[in-house]
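Let me begin by presenting the structure, written as structure tokens, before commenting on it.
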Amino acid sequence: MLNDSVLLKVVKGERTARLPVWFMRQAGRYLPEYRELRKRHRMLELISTPELAAKVTLQPIDRFDLDAAIIFADILNPLIGMGVKLDFVEGEGPKIFNPIASESDVDRLSVPDVKDSVGYTLEAIGICVKSLTPRGVPLIGFAGAPFTLSSYLIEQGGHSTLAATKHFMFSRPEAWHNLQQKLSTMIANYLIAQAEAGVSLVQIFDSWAGVLSEEQYREFALPYLQSIIAKVREATPIPIFYFSTGTGAILPLIKELGSDGISIDWRVPLPFARAVLGDNMVLQGNLDPLVLRESLDSLERYVRVLVEQGTKCGKYIFNLGHGILPDTPPENVARVIEIIRE
Ligand code: CP3
């Protein structure tokens, strides 16, 4: 039944009558039904209880006419099984209580069997797929990229310039390499396990890659991403997408990753991305999440521009350039979907 999925058709290069649409962070705090569940359960409890994670994954699908679901989890919880002490602190975001500061901290990280460490997410995927497949809705799996995960491990959670992360990678290249190796092994195994559990596509989230120069990206991020993508490709035919922000100027380098799709942010014009990345690459993005909070008038204006650009450039999936913000009116999400489906 997933054969009729508009999103999977676009990925395969087939023509569709309309654009596919889903939203990064489409499950979450902007939805009253999510906030209701959060009153009773901690973030990590929601993620690690398969029935609850599945319920949250399906909330936006029950409410909106979306073309994909994304499994409810976080990029950081898979680190817990590696020995990282982590929690999501109310109003502050993620906190890491045993940050990586030295070579021996890296040595202490283990690479667990993902079936043990994140088996709950694999189980949640199974529950979701059972409910979504009859509805013709594919499920997206994901993992964080090694660079972005490293930044959380080194900065202890919040950060802006990633000064400590850069200092670590410049001053301890060997420890950096070991850290990237361990993370890459875990991430590839995790993505493959998600594919085996039933997801139709996987996306690698590299939210903070935009702080890297071209040379830095080539040396400290690219080789590990390439190895993850190659390993996942070898194990499964499902499409692989790469998301980052602030990386418009290094798109030619990002093309070298060998992903099937690239998710861009609002600072990168869609026609520009198409010109740089060529006709085969699936493009996804790139509405500014701040626009999604504005009046329907200004929202509609920006959405229509994007629909026109996306239709023209082809192989395009409508999405945001970053995740939905907590104070976004759900009606605005509904309106965007309506415009695209007109
Ligand atoms: O997209 C989805 O609906 C699937 C679930 C998902 C979450 N996080 C749930 C979440 C996904 C794909 C992520 C990815 C993620 N997590 C990224 C990469 C994408 C991006 O937004 O840049 C990053 C950097 C994180 C790390 C993270 N998790 C931060 C910085 C925060 C705090 C800020 C925030 O938005 O709350 C989280 C917490 C988090 N992850 C929440 C959710 C729904 C909020 C938790 C709560 O209910 O309090």
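Looking at the stretch 71-123, the GluC sites (Glu not before Pro) that sit in a DSSP loop and have at most 14 other Cβ atoms within 10 Å of their own Cβ are GLU90, GLU92.
Rounded to the nearest 10 degrees, the inclination of helix 330-341 to the longest alpha-carbon principal axis of the chain is 60 degrees. Against the chain, whose longest principal axis comes from its Cα atoms, helix 222-235 is set at around 70 degrees.
Among the trypsin sites (Lys or Arg not before Pro) in the stretch 1-70, those located in a DSSP loop and surrounded by at most 14 other Cβ atoms within 10 Å of their own Cβ are ARG15, ARG18, ARG29, ARG42.
Here the contact order of the stretch 2-341, divided by its residue count and restricted to Cα pairs under 8 Å and six or more residues apart, works out to 20 percent. Beyond 19 Å between alpha-carbons counts as too far, so tell me which of LYS55/LYS315; LYS12/LYS315; LYS115/LYS182; LYS9/LYS255 fall in that bin. Result: LYS55/LYS315; LYS9/LYS255 exceed 19 Å. Here the Gaussian network model covers the chain, with springs between Cα atoms less than 10 Å apart; of VAL56, VAL305, VAL137, VAL305 fluctuates the most. All alpha carbon pair distances within the stretch 2-341 were sorted into 20 Å bins beginning at 0; the resulting P(r) in whole percents reads 32, 62, 6. Helix 146-155 and the longest principal axis of the C-alpha atoms of the chain enclose an angle of approximately 60°. Between VAL305 and ALA230, the C-beta separation translates, for a Förster distance of 41 Å, into a calculated FRET efficiency of about 0.65.
We did not get these values from a lab; they are worked out from the coordinates using the rules stated. These numbers were taken from a predicted model, which means no experiment stands behind them. So basically every Cβ, Gly included, is an ideal-geometry build from the backbone, and we count neighbours across all protein chains shown.
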